[in-house]
Amino acid sequence: MSLTLEAISAVDATGVVRSGRTLRLVRPPYLLRDSPVLPEGSVQDAILRHGFSASQQQFESWEGLIEFLSQQVVEVRRQLGGEVPASISNEDILEVASEQDLTVYLDRVERELIPGRLFDHAENFLVAFLASSALDRYAGLGRRAARLLQRNNGARRAAEAAVSELANRDVRFPSLERHHEVEKSVRIAKNIQVWGSVFAPAT
């Protein structure tokens with residue numbers, strides 16, 4: 001069996017995979033029921049709208065594909081988050097950190113971790129800082145950390161919504177999909193349900 005990884009979000013260990021004529025969204029925990037079938041056009045959609053990268057990597061088995069995705073996420077997170085520990089829970093670290101050190105960490109959270117979707121790394125550091133006595137010494141940095149935590153949470157929700165949107169694309173109506181009429185048809189169906197009549201307004 002030949003599998004083609006046509007698009008990948010390495011930081012999420014998620015890929016759009018072609019198996020024969022079927023496209024699937026493959027994502028942790030890599031269970032069949034969590035790997036929805038996608039309509040044609042989803043590869044372009046994933047790349048242009050959802051931050052995936054194009055790929056033409058070939059695999060002979062699902063096991064090989066999953067191992068590749070898992071290794072990619074480890075490498076990306078190592079490169080992006082190598083200077084910020086995944087968890088900063090040791091109070092001693094924050095007790096001895098200077099304002100300059102903490103500013104460097106916050107800069108990396110803002111410029112690399114959040115844009116790189118390393119949300120757990122960012123959250124672990126920000127929460128640890130906000131819960132530490134360093135907050136008393138550097139109130140200004142605390143306000144920045146609080147804002148970054150809000151931004152991180154919002155970015156996490158947006159990233160999760162993007163993958164969910166891709167996963168939930170309806171493939172039961174391929175003709176509607178090809179003519180970009182799925183959303184319009186869903187609105188009409190909802191109106192019919194609300195009005196209780198097929199003569200419900202279409203808008």
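The values are calculated or read from the model by the stated rules, or taken from the named source; none is laboratory data. Since we're looking at a predicted model, the values are computed, not measured. Glycine also receives a Cβ, built like all others from the backbone with ideal geometry; neighbour counts cover every protein chain displayed.
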Have a look at VAL16, VAL11 and point out the one that is touching a helix residue (DSSP H, G or I) at 6+ places or on another chain (Cβ under 6 Å), at pLDDT 85 or above and surrounded by 15 or more Cβ atoms within 10 Å (Cβ to Cβ). VAL16
Give LEU38, LEU69, LEU31 a once-over and let me know the one that is surrounded by 11 or more Cβ atoms within 10 Å (Cβ to Cβ), over 18 Å from ALA161 (Cα atoms) and under 19 Å from the mean Cα position of the chain (by Cα). LEU69
Search result, residues across the stretch 50-97 that are at pLDDT below 80 and hydroxyl-bearing (Ser, Thr, Tyr): SER87, SER89
Per the filter on the stretch 114-166, residues surrounded by 15 or more Cβ atoms within 10 Å (Cβ to Cβ) and in a loop (DSSP other than H, G, I, E, B) are ILE114, GLY116, ARG117, LEU118, SER132, TYR138
Here is a check on your reading of the model: is PHE52 more than 16 Å from the chain's Cα centre (by Cα), surrounded by 12 or more Cβ atoms within 10 Å (Cβ to Cβ) and closer than 23 Å to PHE119 by Cβ? no
